[in-house]
Amino acid sequence: MKKYLSYKNIFPNTSTARYNVAAWQESSTGNLTLIGRSVTKAGGKNEPDIGSLMLSEFDREGQLIAEHEVWKPSSENFSLEDPRAIVGQDGIITIGLTAVFFSNGEVKTYPALVKVDSNWEKRLPTVTVIKDFGQGKNMTPLGHDFFVFRPSEQKYNHKLLMFKIGEERAEKITDLIFTKKLPWAEWRIGTAMPPIWQKDGSAIFFIHGISIEDGKYIYSIGLSKIFPKNGTYVTAVCPEPILTPKTFTDGEGKALIEELRPEERKVVYACGGIIDQKNPEHLKLYVNVGDRATFEVIFEMKEILKELNDSNLIFAEEGNK
């Protein structure tokens, strides 16, 4: 696959880390809205990187036209991270988040969600924290009341828990199982942007994978597909990643962005992306580089679809339950 058409750092002049952004386009104006993390410094060892959530609005030409804080932590003991958003046909924006609780050196994370409409006041209302399934991260909306996240237990290193919000409680649908036969995701997988559903009921699903090299966590982004099958869902993944830390280096192999935690990891990660209304043959993925910067990476949809129709896709192993 031709990996991408182009990329650019969309917050080049900021002195703070800006990354892990949710993304959507306004149907009336075509303006792009991003909501993501703003962090001034890394937390201590085994501590979260606490920061605000900032909204940035860009016009159809890619110019930044508005920016302000939509959520600020009221204490160092609670934070919201890594928003992922979808816009429903009714105009309701469903945002999945990770709620982080930090106390006495212990960090607990839970999936959380919030919904806003087109008239929201650009401030996040009270979020709903989902504790029905225990701790976890990567809360990703699949539909209006339909989500996946990755629970914290080791048995979920290559699985996601799919659930729906019922009238009284959250109800598990299934475990979404992924192959373990990926060197770039040998240790763990997780979600990236929300899926792009197709007419046949399948979905294009970007994922991130983590391997461990020389004691560091190495992140990559890959392509997968979700298929409906016998009342449940199965997955298949492209063997090679489409983005790695090496993607964002200069001609001499030097990283374009200094890592926020260079002693611990090398990061490429994504919470948001859009199919561009202006150029629907293009998909724009908003990629976190180094837990510090956000790059807009443009892919051709025809190349993504071609890759996902290839016979070399790796389906989840039957024994990986």
Seminar exercise, completed: Exactly one of F163, F178, F102, F149 is surrounded by 16 or more Cβ atoms within 10 Å (Cβ to Cβ), more than 20 Å from the chain's Cα centre (by Cα) and of a type outside the set (S, T, N, Q), and that residue is F102
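To keep it simple, each residue is scored yes or no on (1) without any contact (Cβ under 8 Å) to a residue 60 or more places away in the chain; (2) touching a strand residue (DSSP E or B) at 6+ places or on another chain (Cβ under 9 Å); (3) basic (K, R).
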position	(1), (2), (3)
L161	yes, yes, no
E167	yes, no, no
I177	no, yes, no
G209	yes, yes, no
Y217	yes, yes, no
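With the requirement that a residue be of a type outside the set (A, V, I, L, M, F, W, C), over 23 Å from Y156 (Cβ atoms) and touching a helix residue (DSSP H, G or I) at 6+ places or on another chain (Cβ under 8 Å), what does the range 217-258 give you?
Step one: filter the range 217-258 for residues of a type outside the set (A, V, I, L, M, F, W, C), giving 217, 219-220, 222, 224-225, 228-233, 235, 239-241, 244-247, 249-254, 258.
The next check asks that each one be over 23 Å from Y156 (Cβ atoms); those that pass are 240, 244-247, 249-254, 258.
Selection gives E240, T244, G253.
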Exercise. Of all residues in the range 45-63, which are closer than 14 Å to A23 by Cα and among the aliphatic types (A, V, I, L, M)?
Worked result: L53, M54, L55
Exercise. Does the range 125-138 contain at least one residue that is over 26 Å from T174 (Cβ atoms), surrounded by fewer than 16 Cβ atoms within 10 Å (Cβ to Cβ) and over 16 Å from the mean Cα position of the chain (by Cα)?
Worked result: yes
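In the range 177-192, what residues are small (G, A, S) and either part of a loop (DSSP other than H, G, I, E, B) or farther than 14 Å from S220 by Cβ (or both)? Working first, answer last.
To start, the set of residues in the range 177-192 that are small (G, A, S) comprises 185, 190, 192.
Within the range 177-192, just A192 meets the criteria.
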For this session: Go through A42, A66, A85 for me and flag whichever is touching an Asp or Glu at 6+ places or on another chain (Cβ under 6 Å) and in contact (Cβ under 8 Å) with a residue 60 or more places away in the chain.
Result: A42
Exercise. Counting only residues that are of a type in the set (G, A, S) and more than 26 Å from N157 (Cβ to Cβ), which one in the range 275-321 is farthest from the chain's Cα centre (by Cα)?
Worked result: S311
Exercise. Mind checking whether some residue in the range 214-223 is more than 19 Å from the chain's Cα centre (by Cα), in a strand (DSSP E or B) and farther than 20 Å from L308 by Cβ?
Worked result: yes
For this session: Examine the range 275-282 for a residue that is touching a Lys or Arg at 6+ places or on another chain (Cβ under 7 Å) and within 30 Å of K172 (Cα to Cα), and state whether such a residue exists.
Result: no
Seminar exercise, completed: Filtering strands (runs of 3 or more DSSP E) wholly in the range 242-321 for at least 1 residues that are hydroxyl-bearing (S, T, Y), free of Cβ contacts under 8 Å to residues at least 60 places away in the same chain and in contact with a Phe, Trp or Tyr (Cβ under 6 Å, 6 or more places away or on another chain) gives none
Exercise. In the range 66-93, which residue that is of a type in the set (G, A, S) and in a loop (DSSP other than H, G, I, E, B) is nearest to S118 (Cα to Cα)?
Worked result: G91
Exercise. Of all residues in the range 85-132, which are at positive phi and either in contact with a His (Cβ under 9 Å, 6 or more places away or on another chain) or among the acidic types (D, E) (or both)?
Worked result: K122
Exercise. Do you know which residues across the range 185-216 are more than 17 Å from Y156 (Cα to Cα) and in contact with a Gly (Cβ under 9 Å, 6 or more places away or on another chain)?
Worked result: M193, P194, I196, W197, F206
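Values quoted throughout were computed directly from the atomic coordinates according to the rules given, and no laboratory measurement underlies them. Because the structure is predicted, anything quoted here is derived from the model rather than measured. Counting neighbours? That spans all protein chains shown, and the Cβs are built from the backbone with ideal geometry, glycine included.
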